[in-house]
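The values are calculated or read from the model by the stated rules, or taken from the named source; none is laboratory data. A quick note: this is a predicted structure, and the numbers were derived from the prediction, not measured. Note that we place each Cβ from the backbone using ideal geometry, even for glycine, and neighbour counts take in every protein chain shown.
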Amino acid sequence: MTDFPVQTRSSQVQIKGWCPGAWQPMAASDGLVVRVRPPGGRLSQAQAHGIAELVRCCASPWLELTNRANLQLRGVNAAGHVPLLDALRELDLLDRDAAAEARRNVQVQPLWTEGDTTQTLALQLGECLARADAPALPPKFGFTVDTGEVPCLRGAYADIRLERYAQGVLVYADGATLGGVFTPEEAPAGALALARWFLAAGGAPEGRGRMAALLTRCDLPVAWQQVPVPAAVGNALEPGPQPGGTLVGLAFGLTQASTLAALADGGALRLTPWRSVYVEGAAPLPDFPELITDTNDARLRIAACTGAPHCQQAWAPTRDLALALAPLVPSGQLLHVSGCAKGCAYPKRATTVVATAQGYDFIRHGTAACAPDHRGLALPALEQLLKNKTTHAPRI
Ligand code: SF4
């Protein structure tokens with residue numbers, strides 16, 4: 001897969017066009033980044049303990065939870081990669097090959113209950129995508145299985161969405177207002193049929209492309225225009241008690257191996273795209289500083305990428321700056337601090353600060369790649385801007 005450069009205002013940024021996996025790790029300045037995609041978005045207690053052990057023996061101590069609900073190990077050295085794959089295979093956390101892993105990109109609403117449609121559907125869809133005859137989708141192409149009473153993953157990145165519809169499952173293309181209804185048993189095949197249409201309609205020239213972009217230039221077949229996609233949706237779930245367990249936020253999506261193991265002592269873990277983990281059961285939570293259970297915690301109002309020194313493309317550190325600025329971000333708003341114009345931590349519009357060679361650029365309401373409203377600022381000037389409440393854009 002070829003990387004390609006795009007010229008931004010501040011630097012030439014390498015857009016990879018693919019996400020790391022376990023089979024295909026990504027090189028960073030602190031070693032290999034190895035991403036694990038737990039089937040159905042769930043880690044059993046044994047799997048979570050197994051990952052914590054792997055982190056202790058062959059990676060940096062901090063794990064990252066991504067905005068696609070995957071777990072990422074950093075700092076793996078090249079010689080340790082094959083033994084790591086063997087260990088993941090032992091834990092049932094490794095796909096057959098890199099192609100199967102890349103296709104199996106499924107996010108799952110975390111509050112499913114034993115025996116309901118969601119988990120079965122998610123596992124079946126994952127199995128269908130991992131088969132050798134599955135469509136060869138672009139690396140970032142993804143699915144949501146959001147079949148709870150009210151959808152909560154509409155803000156998550158996906159190209160095909162599966163939601164509850166009466167006794168069936170609504171399958172629709174991201175960006176569409178209409179979709180098709182299937183029985184739960186038929187829904188995985190329906191989702192794959194829509195993915196095949198995406199490819200046949202030219203959605204991925206040169207192996208890249210997204211569903212919503214395709215829909216701006218061509219119409220869906222009649223089979224995918226049967227019923228309207230309901231407008232009413234739930235929001236991303238907030239940390240705190242939830243039915244059957246507790247949702248725990250992680251500052252910047254980071255957790256130490258010891259914290260992951262302590263959480264897994266309480267129950268199996270379900271990963272969310274909101275940089276949080278749902279812990280099954282009623283066991284009391286361990287007390288670690290990176291765990292967030294208070295919805296008023298200012299760390300829930302900031303997003304920041306790895307930044308310097310771990311990312312080669314970063315102009316400056318990001319997370320300490322974001323923590324320093326967090327108390328100035330009003331409730332319901334989001335501040336995104338990015339180490340460069342690529343904006344890995346939050347690709348949507350927000351109040352955004354971007355590190356550059358000349359200081360920090362400030363974007364009132366945009367992505368990290370947008371033209372800045374102010375250039376080359378230092379911390380005092382950023383604080384001054386953020387103290388003004390009209391500075392903050394609405395959170396998307
Ligand atoms: S946004 Fe952050 S993590 Fe992504 S390439 Fe730039 S500096 Fe690196």
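For the range 56-69, state whether one or more residues are in contact with a Cys (Cβ under 8 Å, 6 or more places away or on another chain) and within 14 Å of Gly31 (Cα to Cα). No, because not a single residue in the range 56-69 is in contact with a Cys (Cβ under 8 Å, 6 or more places away or on another chain) and within 14 Å of Gly31 (Cα to Cα).
For residues that are among the acidic types (Asp, Glu) and in contact with a Gly (Cβ under 9 Å, 6 or more places away or on another chain), scanning just the range 142-173, find the one that is modelled with the lowest pLDDT. Across the range 142-173, the extreme among qualifying residues is Glu149. Looking at the structure I just gave you, is Leu153 part of a helix (DSSP H, G or I), assigned by TED's automatic domain parsing to the domain that holds Met211, closer than 30 Å to Val229 by Cβ and within 21 Å of the chain's Cα centre (by Cα)? Judged against the criteria, Leu153 is not a match. Out of curiosity, is Glu101 surrounded by fewer than 17 Cβ atoms within 10 Å (Cβ to Cβ), assigned to a helix (DSSP H, G or I) and modelled with pLDDT of 95 or more? Taking the combined requirement at face value, the residue does not satisfy it. No other residue among Cys340, Cys370, Cys311 is modelled with pLDDT of 95 or more, surrounded by fewer than 21 Cβ atoms within 10 Å (Cβ to Cβ) and part of a loop (DSSP other than H, G, I, E, B) apart from Cys370.
Listed here are the residues, each with its yes/no results for (1) within 27 Å of Asn235 (Cα to Cα); (2) of a type in the set (Phe, Trp, Tyr); (3) over 28 Å from the mean Cα position of the chain (by Cα); (4) more than 16 Å from the ligand (Cβ to nearest atom).
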residue: Lys342; (1), (2), (3), (4): yes, no, no, no
residue: Arg349; (1), (2), (3), (4): yes, no, no, no
residue: Tyr360; (1), (2), (3), (4): no, yes, no, no
residue: Arg364; (1), (2), (3), (4): yes, no, no, yes
residue: Thr367; (1), (2), (3), (4): yes, no, no, no
residue: His374; (1), (2), (3), (4): no, no, yes, yes
residue: Pro380; (1), (2), (3), (4): no, no, yes, yes
residue: Leu386; (1), (2), (3), (4): yes, no, no, yes
residue: Thr390; (1), (2), (3), (4): yes, no, yes, yes
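Within the range 292-308, the set of residues being crowded, with 21+ Cβ neighbours inside 10 Å and of a type outside the set (Lys, Arg) comprises Ile292, Leu300, Ile302, Ala303, Ala304, Cys305, Thr306, Gly307.
Within the range 331-349, residues that are farther than 12 Å from Trp315 by Cα reach partners that are within 6 Å of the ligand (Cβ to nearest atom) and outside any loop (DSSP other than H, G, I, E, B) with beta carbons closer than 9 Å, at six or more positions or on different chains, in the pairs Cys344/Ser338; Ala345/Ser338; Tyr346/Ser338. Could you tell me which residue of the range 26-83 is surrounded by the fewest Cβ atoms within 10 Å (Cβ to Cβ), considering only residues that are over 19 Å from Ala304 (Cα atoms) and β-branched (Val, Ile, Thr)? So, considering only residues that are over 19 Å from Ala304 (Cα atoms) and β-branched (Val, Ile, Thr), the one surrounded by the fewest Cβ atoms within 10 Å (Cβ to Cβ) is Val82.
Considering only residues in the range 302-324 that are touching a helix residue (DSSP H, G or I) at 6+ places or on another chain (Cβ under 7 Å) and either within 11 Å of the ligand (Cβ to nearest atom) or without any contact (Cβ under 8 Å) to a residue 12 or more places away in the chain (or both), the one that is nearest to Leu335 (Cα to Cα) turns out to be Ala304.
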